[in-house]
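Novice: One structure coming up, written as structure tokens, with questions to follow.
Every read-out reported here was derived from the displayed coordinates using simple, explicitly stated rules and does not represent laboratory data. Because the structure is predicted, anything quoted here is derived from the model rather than measured. Because the Cβ atoms are built from the backbone with ideal geometry, glycine has one as well, and the counts that use them run over all protein chains shown.
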Ligand code: NDP
């Protein structure tokens, strides 16, 4: 068997194209720039780092980003009051609730309280419902970024078997809704797998496009993947390492085993991660337009 020339689908050029477009549009706006508030509770290391990246990216494209940090013990009532205040603030276009929240806070209650026009993560009931109806405008950033990556690299989805190993509201479910749309980068036959799925490898091996987001470092090698598949690796796993940080970031795919075997593969880091942040900026601009409407 001769080794395949596996294409590595880097996220950066796709993210750069999105960010350049956002930056240009923001530069033409009259009055104040679009603004987004990042709400973070506690000091979870990954959350601190994600919010920093998002705030940095916002300032690079001319969006005003403000981070509000709440103590780990903050009550749900206090957070709800803050969301209501931000909903009513005409100078705030986007509200991003950085997850996870501490256990005593009901995350769904908080997400549902966000005004759907300011819901830059696309997690409210209204935006989730619209997405399933095929007309969403604020779509969860990671799945939206995956579709942008497929478009950029001209990877057709029509009629393809797509298997998603994840059923969360952040990744798997909204991605399934997007790929089922009656549109050029939809029209796929979608299977959603999760921890109760039996004979997982039999299913994942059917995939023309396999999306991995189950948070298991290097778990998916050749036994799970069809030769010639396109593998989209969403997983971000901290694996202990002998370096300054004490860890390395790894995906769910066994990249070493799959390189030379599959058609195309997104790297981790450097694949879907940058796209999630870029789509957040696109959504913030969209939220600005929505908030300007009477
Ligand atoms: P969740 O924990 O909510 O979802 C994990 C999913 O994987 C669940 O649906 C779970 O099933 C499924 N799963 C777990 N173990 C197995 C198994 N053995 N076999 C089959 N399915 C399994 O996490 P998220 O959706 O929030 O994130 C998933 C991954 O994606 C994480 O690594 C996260 O860091 C990463 N991520 C990356 C982003 C990016 O920008 N690149 C953005 C968001 C997330 P069940 O529902 O039954 O528990």
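Novice: Counting only C-alpha contacts under 8 Å and six or more residues apart, can you give the relative contact order of region 50-149 as a whole percent?
Specialist: 19
Novice: Grab the eigenvalues of the alpha-carbon gyration tensor for region 33-117, scale each by 5, take roots, and send me the semi-axes largest first in whole angstrom.
Specialist: Ellipsoid semi-axes (Å, largest first): 20, 17, 9.
Novice: Relative to the longest principal Cα axis of the chain, at what angle does helix 272-292 sit, 0 to 90 degrees, rounded to 10?
Specialist: 30
Novice: Also: For region 138-294, restrict the atom set to alpha-carbon positions and state the Rg and Dmax in Å.
Specialist: So, for region 138-294, Rg and Dmax equal 16.1, 55 Å respectively.
Novice: Separate question: Between helix 141-152 and the chain, what is the angle of the helix's C-alpha long axis to the longest principal axis, kept within 0 to 90° and rounded to the nearest 10?
Specialist: Orientation of helix 141-152: about 50 degrees from the principal axis.
Novice: For the chain, report the % of Cα-Cα distances exceeding 37 Å.
Specialist: Cα-Cα pairs in the chain separated by more than 37 Å: 14 percent.
Novice: I've got another one for you. Output the 0 to 90 degree angle, nearest 10, between the alpha-carbon long axis of helix 12-27 and the longest principal axis computed from the alpha carbons of the chain.
Specialist: 20
Novice: Sorting check: for 25-34, 285-294, which peptide has the highest mean count of neighbouring beta carbons within 10 Å, and how do the rest follow?
Specialist: 285-294, 25-34
Novice: Still on this structure, please answer the following. As a test of the formula, what do you get for the chain when each DSSP H run with n ≥ 4 contributes -39,500 (n - 2.57) and the sum is divided by the residue count, at 222 nm and rounded to the nearest 500 deg cm²/dmol?
Specialist: The helix contribution divided over the chain gives -11500 deg cm²/dmol.
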